[in-house]
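Step one of this worksheet: look at the structure below.
No value in this document is a laboratory result; all are computed from the given coordinates. For clarity, every value in this text was computed on a predicted model and none was experimentally measured. Because the Cβ atoms are built from the backbone with ideal geometry, glycine has one as well, and the counts that use them run over all protein chains shown.
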Amino acid sequence: MYIIGENIHIISEKVKAALAERDAGFFQKLAVAQVEAGAQALDLNLGPRKKDWEEVFPWMVKTVEEAVDVPLSLDSTNLQGIEAGLQAITKAQPIINSVSAEDERLEAVPLVAKKYNAKLVALTMGKSGIPVSADERVNIAIEKLIPRMLEIDFPVSDLIIDPLVLTVSGCQEYAPELIEAVRTLQVVWDPPPAISVGLSNVSNAVPTKNRSLINRVYCAMLMGSGLQMMIADPFDEAQKEVIRVIEERDDSTPVGKLYLSISDRVAAMEEPSVDDVDMSDPEQVKIWKTVQILLNQVIYAESYLQQ
Amino acid sequence: MPIDIPMDNWPGSVKTVTLGATSDQGGTRSSTVTIGGDQSLPFMHFEKPTANRPVIAMEIAPARPAEWSPVLLETWSEVVDDPGAWANACEEAGADLIVLQFGLKGAGDEPIAADLATSAVKTVLGATGLPLVVLGPGQAEIDNAILVPIADETKGERLVLGLCEDGNYRTIVASAMANDHLVLGRTPMDVNLAKQLNILMTDMGLPLDRIVMDPTTGALGYGIEYGYSVMERLRLAALQGDAMTQLPMMVNPGFETWKTKESKVGEGVPEAWGEWTERGVNWETLTAVSLIEAGANVVVLRHPDSLKRVRAAIDDLMAFETV
């Protein structure tokens, strides 16, 4: 699993404060810590920075590149800011995060990616929003995103399609569809584009104590449908353990065996099965309840584990 | 050519909830009302018979509700000044249940005092034999101040007490548990929040068959489709076996429609809108019947003509049961 570290994100109060003070040490420490924790690239989500983009984007790139060598993902809707950041890159091939299938964005952003030899994250989202069904999301990739890349001779191998994870708290019907979208996107083109998602979005607006569980169960399901790249929290040890168990096919613990079976069932296009769960083990029961909400079979509620 | 009608066979069902208690059962009601028990989507008679038909509650207030449409006040005439007489008039009009709704203010600008609220409840209980729902204005302090003594003083009646909401349910649930009452939980048009509140209330030890839920809805033309979807989704989840959604639903088309311009305003509106009273009654009736189709077990109405029309619609919808 290729993890793009998510922790430099403007929604975090600490990040916001450190950015206001241009605290280079804060960002360098956070960058190093993420890479040491296993992140193979770093997402830099700075927001639009409408007033100071010209200075902030290059500053952030320079600051982080002084500390780490990994690819940086410039995550913003401000294309001028992204371009300013790209000009400052001196190390690994950067990533632009992101373009959507809206005409204006799709016109402009890929040209910038091509000019700077950046990889490009493309969202399966059109002007009427994010479709629920997997097929419609895949269609956006086939009918809009990939054709635009071909049109400007942008290598599909540098394209990263993001079929969009939405929160189980409020957009529950999207959760099972995303799993199928990830599966199908792998066969839409030869060579296939990379596929990445923002995993932690699945637990937005979920109480903090349940977020990690929901993230890692969803991660196991998505690995079953073939996910190999994601923007995620590299500090989440439990999540990394699930990734390890599935990648190494380690069924030596009962919980590990369950995660592996969930992933295998999804891979075989089956639904995860209650037959694989030891209901006398509270940890496995929690995992099973989480599978059920992620499959949209049981309605999510904050206290869903207490039910 | 014979046609096979595709049928769903649902693993789950809605809980059966009985409102009110007769003297044998520890209360004073002349009859009780049982709702819920649904084993299929509404009126899918060919799948499962409807366990209990939807019921109609009429809303009354402890004193003349100044903010009500003049159409309603004129229709009910002088009974609106006396909750006992009003409840009685509702019973005569054919109501199954009475909803006594307290407002934010009593006679003056202050909230109604707890003892006056309690005596209003007793007046209504004395005037009618129908089961009773007693609702505070939905403001924690006032709700708790009036509902606790009401629950104590009417022990055993199996009243439905509300509003239980996300931020205020503990006191009301505890009072209901101690005095053999039921509760109404209300959440703002959101399946996740509706389920969460049910989990929280049952966590306190209140059995599921003593909870009615109000998922909230909008009037026709004012968001009814959102309310409809939420109710439909809750009902589907219940039938699929999700225990914390398996509660009967009570919604308020009366309140929702009589605050819309179409119902509330008689002058300065296009002539094409037609006669005022007829328009208001239509609005209330159509909203209520739509919500019954979405799975409402109780609709709370305000106009007696709407009561008659909704009753006729329910009779029609139930007619297949006897064919």
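What does a probe at A:SER12 reach in the range A:36-62, counting residues whose amide N is under 13 Å from the point 7 Å along Cα→Cβ? Residues passing the 13 Å test: A:36-37, A:39, A:42-46. With the simple spin-label model, which puts each label point 7 Å out from Cα in the Cβ direction, the B:THR32 to B:LYS122 separation comes to 2.5 nm. What does the C-alpha gyration tensor say about the overall shape of chain B? Classify as rounded when a/c is under 1.5, otherwise prolate if a/b is larger than b/c, or oblate. Taking the square roots of the gyration eigenvalues as a ≥ b ≥ c, chain B is oblate. Between A:ASP275 and A:GLU107, the modelled label-to-label distance comes to 5.6 nm, taking each label 7 Å out from Cα in the direction of the beta carbon. Here is how the number arises for chain B: DSSP H runs of 4 or more residues each give -39500 (n - 2.57), the sum is divided by the residue count, and the result at 222 nm is -12000 deg cm²/dmol. The calculated FRET efficiency for A:THR208 paired with A:GLN40, based on their beta-carbon distance and R0 = 25 Å, is about 0.45. Please identify which residues in the range B:100-133 have an amide N closer than 20 Å to a label point set 7 Å out from the Cα of B:LEU73, following the Cα→Cβ vector. Counting backbone N atoms under 20 Å from the label point, the list is B:100-112.
The C-alpha atoms of chain A define a longest principal axis, and helix A:174-185 lies at about 70 degrees to it.
Under a model in which nothing but the beta-carbon of Lys, Arg (+1) and Asp, Glu (-1) is charged, the range A:2-234 shows a dipole of about 440 debye around its Cα centre. Taking the Cα centre of chain B as reference, the dipole from Cβ charges on Lys and Arg (+1) and Asp and Glu (-1) amounts to some 500 debye.
Here the residues A:TYR300, A:TYR116, ranked from fewest to most Cβ neighbours within 10 Å of their Cβ, fall in the order A:TYR116, A:TYR300.
Modelled label positions at A:ASP251 and A:LYS286, each set 7 Å beyond Cα in the direction of Cβ, lie 2.4 nm from each other.
Extension gain for A:LEU295 to A:VAL32 (0.36 nm times residue separation, less C-alpha to C-alpha distance): 91.1 nm. The residue list A:VAL245, A:VAL56, B:GLY108 was ranked by how far each Cα lies along the charge dipole of the protein assembly as shown toward its positive end, using unit charges on Cβ atoms, and A:VAL56 comes out on top. Classified by the C-alpha gyration tensor, the protein assembly as shown has a prolate form. Its axis ratio a/c, with a ≥ b ≥ c, is 1.5 or above, and a/b is larger than b/c. With the charge dipole of chain A set up from +1 on Lys and Arg Cβ and -1 on Asp and Glu Cβ about the Cα centre, the Cα lying farthest toward the positive end among the listed residues A:SER98, A:TYR259, A:MET223 is that of A:SER98.
Between the listed residues A:SER76, A:GLY126, A:PRO193, the Cα displaced farthest toward the positive end of the dipole of chain A, a dipole computed from Cβ unit charges relative to the Cα centre, is found at A:SER76.
Residues A:ILE299, A:ILE10 in ascending order of nearby Cβ atoms (within 10 Å, fewest first): A:ILE10, A:ILE299.
When the GluC sites (Glu not before Pro) in the range B:239-297 are filtered for DSSP coil states and for at most 13 other beta-carbon atoms within 10 Å of their beta-carbon, the remaining sites are B:GLU267, B:GLU275.
The range B:187-264 and the range B:81-97 have their alpha-carbon centroids 25 Å apart.
Classify the range A:2-234 as rounded, prolate or oblate, taking a ≥ b ≥ c as the square roots of the eigenvalues of its Cα gyration tensor: rounded when a/c is under 1.5, otherwise prolate if a/b is larger than b/c and oblate if not. Oblate is the answer for the range A:2-234, as a/c is 1.5 or above yet b/c matches or exceeds a/b.
A simple count of charges around B:ASP180, restricted to other residues whose Cβ falls under 15 Å of its Cβ and scoring Lys, Arg +1 and Asp, Glu -1, yields -1. With neighbours defined as other Cβ atoms within 10 Å of a residue's Cβ, the residues A:SER169, A:SER133, A:SER196 order from fewest to most as A:SER133, A:SER169, A:SER196. Relative to the dominant Cα principal axis of chain A, helix A:254-267 is inclined by about 70°. Between B:GLN25, B:GLN240, B:GLN101, the GNM of chain B built on Cα springs shorter than 10 angstrom shows B:GLN25 fluctuating the most.
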